[in-house]
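To keep things clear, I will list the structure first and then write my remarks on it.
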Amino acid sequence: MDMTTMKFDLASLEAPPAVAVLDRVAGGFKAFQALRAGYGSGLFDWLDRNGPAERAVIATALKLRGAHLAGFLQSLEDLGLVSRQGSVYALVPEMREVLVAGSAWCQAATIERLLAPECGWSDLRGFLSEDWTAASAPVSPSPRQHPFLVEARLLATRLAARERELRGGAKPRRLLCFDGSGGMAAAAICLAQPGLDASVIVAPGAVREAMELLDACGLAERCVVHPGSPLEISVQASYDRVVLFHALYPVRKSMGDALAAVAARLAPGGELCSAHWFCLEACETAPGGLRDLDRAVLTDSHPLCHVETFGERFVAAGLGDEGREDIDGPCGHLKLHFASRALNPVVVSPYLRCSRC
C-alpha cells in the first residue's frame with residue numbers, strides 16, 4: 001500500500017463495529033488451523049503416549065518452536081482438546097478417541113478432506129462458479145467418517161421397522177439400491193435386515209470405493225455393485241424393495257423416464273422408497289445456509305423441488321403413492337416417499353421442474 005499520498009489522523013482511527021463480525025468468522029478459520037496443526041505436528045499422538053508433559057519437553061520432542069508453543073497449546077486448551085495443570089499438558093480424556101491416530105474415530109482424515117481439491121469446501125468460490133470441475137474423483141472415507149453415516153442408519157432403521165409394521169414379519173429378500181452415498185445406504189439397510197441381498201448401483205467412478213466400503217462392513221458376499229444410474233440400469237431382475245438414496249439429483253431433467261425405469265424393476269407387492277433432500281417452495285432459503293452448502297458439496301447438485309406433488313411422480317410411473325415421512329438428519333429433513341407396484345397406473349399432469357434449477 002502506498003501511504004505517501006494518504007493523510008489521516010492515526011489517533012482517531014476506529015474500526016467500525018462490523019469488523020467484529022468478520023473477526024469472529026476469521027477466528028473459526030484460525031481454530032480450524034490450530035486443530036489441523038495438532039494433528040499434523042503429531043502432538044495429539046505424542047501426548048497420548050507420553051503425557052502429561054511440560055511445554056519444554058513437548059517442544060524438544062516434536063521440534064516445535066518454543067516461542068510460539070505457549071499460544072498454540074493455549075489455543076488447543078481453549079478449544080477443549082488439551083488440559084493443563086500448572087506447566088504440564090495432557091489430552092482431555094473425552095477427546096482422545098477423535099484425536100489419536102490409533103482410534104477408529106480419529107477425525108484427522110475428515111478435517112484434511114475439507115481441503116482436498118475435489119472437495120467444494122476447499123475452494124468455495126470456485127465450486128460456485130459455472131466452470132467448476134473437481135480436480136479428481138472424491139475418495140470414499142471409512143464407514144465411521146462417512147458423511148452419510150447418520151442418514152443411512154436412520155433410513156435403515158425406518159425401513160426395517162416399516163417391514164415389521166406393514167408386512168407382518170415377511171421380509172424382503174432382494175434389494176435394488178440406487179446409492180448416491182457410494183454404498184453406505186445399501187450397507188446400512190443390509191446390516192439392519194440380515195436376510196437381504198442387494199444389487200447396488202453407484203456412479204461409474206464410485207464402483208471401487210463402494211466395493212471396498214461394503215467389504216469393510218462384511219457385506220461383500222451379500223452385495224453386488226454395478227455402475228449406472230436410475231436412467232441406466234444394468235440389472236434386469238425384479239426386486240422386493242427398491243431404494244433411491246440421493247440418486248435422483250443428476251437425472252432430474254429426465255425424472256419421468258428415470259422413475260419409469262426404476263418402477264419396472266419392482267416386483268409385484270414390492271415397495272419403493274425415495275430418500276432425498278428437497279428445497280423450500282420456489283427455492284427460497286431459510287437460516288442454515290452452511291447446511292445447505294454442505295448438501296451442495298456432498299451431492300454437487302441442488303435438492304429436488306416440489307415436495308408437495310412429488311408423490312404424483314410415482315403414480316405416473318405406474319406405482320401407487322404410499323405416503324411421505326421425514327427423517328431429521330445432520331443436513332436437515334430427509335424426505336422419504338414410499339410407493340408400491342400398481343396394477344393400473346394413473347396418468348397425471350406432467351411434473352413441472354423449477355426454472356431456477
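Points worth noting:
- Residues in the range 10-21 that are assigned to a loop (DSSP other than H, G, I, E, B) and open to solvent by less than 100 Å² (accessible area, probe 1.4 Å): ALA15, PRO16.
- Test result for ARG173, of a type in the set (Lys, Arg), at pLDDT 85 or above and touching a helix residue (DSSP H, G or I) at 6+ places or on another chain (Cβ under 9 Å): no
- Qualifying residue in the range 209-227 (condition: at pLDDT below 95, within 18 Å of the chain's Cα centre (by Cα) and either of a type in the set (Gly, Ala, Ser) or within 23 Å of GLU322 (Cα to Cα) (or both)): yes
- ALA286 vs. criteria more than 21 Å from TYR239 (Cα to Cα), open to solvent by 40 Å² or more (accessible area, probe 1.4 Å) and without any contact (Cβ under 8 Å) to a residue 12 or more places away in the chain: yes
- Sole exception among (1) part of a helix (DSSP H, G or I); (2) within 19 Å of VAL98 (Cα to Cα) for ARG24, by number: (2)
- Check on GLY66, of a type outside the set (S, T, N, Q), within 30 Å of ARG113 (Cβ to Cβ) and open to solvent by less than 70 Å² (accessible area, probe 1.4 Å): no
- Considering only residues in the range 199-245 that are assigned to a helix (DSSP H, G or I) and in contact (Cβ under 8 Å) with a residue 40 or more places away in the chain, the one that is farthest from ALA264 (Cα to Cα) turns out to be ALA216.
- The lone exception for ARG113 - which of (1) touching a residue at least 24 places away in the same chain (Cβ under 8 Å); (2) touching a helix residue (DSSP H, G or I) at 6+ places or on another chain (Cβ under 7 Å) it fails: (2)
- The range 56-100 - residue that is of a type in the set (S, T, N, Q) and farther than 17 Å from LYS30 by Cα and, of those, modelled with the lowest pLDDT: SER87
- In the range 30-43 there is at least one residue that is on the phi > 0 side of the Ramachandran plot, surrounded by 14 or more Cβ atoms within 10 Å (Cβ to Cβ) and either free of Cβ contacts under 8 Å to residues at least 12 places away in the same chain or in contact with a helix residue (DSSP H, G or I) (Cβ under 8 Å, 6 or more places away or on another chain) (or both).
- Options PRO303, PRO345, PRO268; residue that is open to solvent by less than 80 Å² (accessible area, probe 1.4 Å) and modelled with pLDDT of 90 or more: PRO303
- Taken together, ALA198, ALA206, ALA192, ALA156 contain a single residue that is in contact with a strand residue (DSSP E or B) (Cβ under 6 Å, 6 or more places away or on another chain) and small (Gly, Ala, Ser), which is ALA198.
- Breaking point among (1) among the acidic types (Asp, Glu); (2) touching a Ser or Thr at 6+ places or on another chain (Cβ under 7 Å); (3) open to solvent by 60 Å² or more (accessible area, probe 1.4 Å), for GLU77: (3)
The values are calculated or read from the model by the stated rules, or taken from the named source; none is laboratory data. None of the values given here were measured: they were computed from a predicted structure. Positions of Cβ are generated from backbone atoms using ideal geometry, with glycine treated the same way; all protein chains shown enter the neighbour counts. Note: accessible area is taken over every heavy atom of the protein model, side chains too, but ligands, DNA and RNA are not part of it. Shrake-Rupley method; radii C 1.70, N 1.55, O 1.52, S 1.80 Å.
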